[in-house]
Amino acid sequence: GDSVTQMEGPVTLSEEAFLTINCTYTATGYPSLFWYVQYPGEGLQLLLKATKADDKGSNKGFEATYRKETTSFHLEKGSVQVSDSAVYFCALSDALSGAGSYQLTFGKGTKLSVIP
Amino acid sequence: GAGVSQSPSNKVTEKGKDVELRCDPISGHTALYWYRQSLGQGLEFLIYFQGNSAPDKSGLPSDRFSAERTGGSVSTLTIQRTQQEDSAVYLCASSWDGKDYEQYFGPGTRLTVT
């Protein structure tokens, strides 16, 4: 079945540091890939997505490139801020894996803490 | 506009009791998903509704779990004879349809089975 593996946290960085959170996947078909973020006390929200190979998703200074050859979708940000402290989830949606639905398969999540 | 709402926000129940969790999706969204978030298992898909089609129940962990969606809008997830391992945060999400449109998540219901 489909699966998503992301680096385990927690990750602690100083403000303005470079962030990389690794994510790799296995899927039956040609999935769409997502990064979701969960800020403290809030619900899950979409951060960015890519729907085909070599697409780059970007939002709020974060970006990730869909790499089919390495089955990866690593999240990067050049300069993190304290407000980026949250839990980040890599996910995929693959219609071929189920009964035609587009449910998300999530990684375990990576908790990021940014200190001033 | 209003987002996905869920009720109750917290539910504490005794082992063996039945519970109902409610989800109000965003108006106009035809696709509705239930997920469960627990420390041991992470985020897991439970069930999916799309319009008038038969639901995809492939993620339900046992026959104690069921869900319905009335009138293509509100959904109720029912857990019968709750067990301690059912303790988790139950998340509902909706989207415009079942394709790759963004899934909007509700705040979740934290269920604690004592």
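The values are calculated or read from the model by the stated rules, or taken from the named source; none is laboratory data. It should be emphasised that the depicted structure is a prediction, and the values quoted were computed from it without experimental measurement. In this analysis, Cβ positions are derived from the backbone assuming ideal geometry, glycine residues included, and neighbour counts consider all displayed protein chains.
If the requirement is being closer than 18 Å to residue B:42 by Cβ and either surrounded by fewer than 16 Cβ atoms within 10 Å (Cβ to Cβ) or hydroxyl-bearing (Ser, Thr, Tyr) (or both), which of these qualifies: A:26, A:70?
A:26
Testing residue A:42 on (1) free of Cβ contacts under 8 Å to residues at least 12 places away in the same chain; (2) more than 21 Å from residue B:58 (Cα to Cα); (3) in contact with a strand residue (DSSP E or B) (Cβ under 7 Å, 6 or more places away or on another chain), one condition comes back false. Which one is that?
Checking residue A:42 against (1) free of Cβ contacts under 8 Å to residues at least 12 places away in the same chain; (2) more than 21 Å from residue B:58 (Cα to Cα); (3) in contact with a strand residue (DSSP E or B) (Cβ under 7 Å, 6 or more places away or on another chain), the one that fails is (3).
Any idea which of A:14, A:32 is hydroxyl-bearing (Ser, Thr, Tyr) and within 20 Å of residue A:116 (Cα to Cα)?
Of the residues listed, the single one that is hydroxyl-bearing (Ser, Thr, Tyr) and within 20 Å of residue A:116 (Cα to Cα) is A:14.
Yes/no per residue for (1) in a loop (DSSP other than H, G, I, E, B); (2) within 16 Å of the chain's Cα centre (by Cα); (3) surrounded by 18 or more Cβ atoms within 10 Å (Cβ to Cβ):
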position: B:29; (1), (2), (3): yes, yes, yes
position: B:43; (1), (2), (3): no, yes, yes
position: B:46; (1), (2), (3): no, yes, yes
position: B:52; (1), (2), (3): yes, no, no
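For segment B:66-93, how many residues are over 10 Å from residue B:112 (Cα atoms), more than 14 Å from every other protein chain (Cβ to nearest Cβ) and buried (at least 21 other Cβ atoms within 10 Å of the Cβ)?
3
Looking at this structure, is residue A:92 within 12 Å of another protein chain (Cβ to nearest Cβ), within 10 Å of the chain's Cα centre (by Cα), buried (at least 17 other Cβ atoms within 10 Å of the Cβ) and at pLDDT below 95?
Yes.
Yes/no per residue for (1) assigned to a loop (DSSP other than H, G, I, E, B); (2) among the charged types (D, E, K, R); (3) in contact with an Asp or Glu (Cβ under 9 Å, 6 or more places away or on another chain):
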site: A:12; (1), (2), (3): no, no, no
site: A:48; (1), (2), (3): no, no, yes
site: A:63; (1), (2), (3): no, yes, yes
site: A:69; (1), (2), (3): yes, yes, no
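Considering segment B:70-88 alone, what residues qualify as being under 21 Å from residue B:10 (Cα atoms) and in contact with a Phe, Trp or Tyr (Cβ under 9 Å, 6 or more places away or on another chain)?
B:75, B:77, B:78, B:79, B:80, B:86
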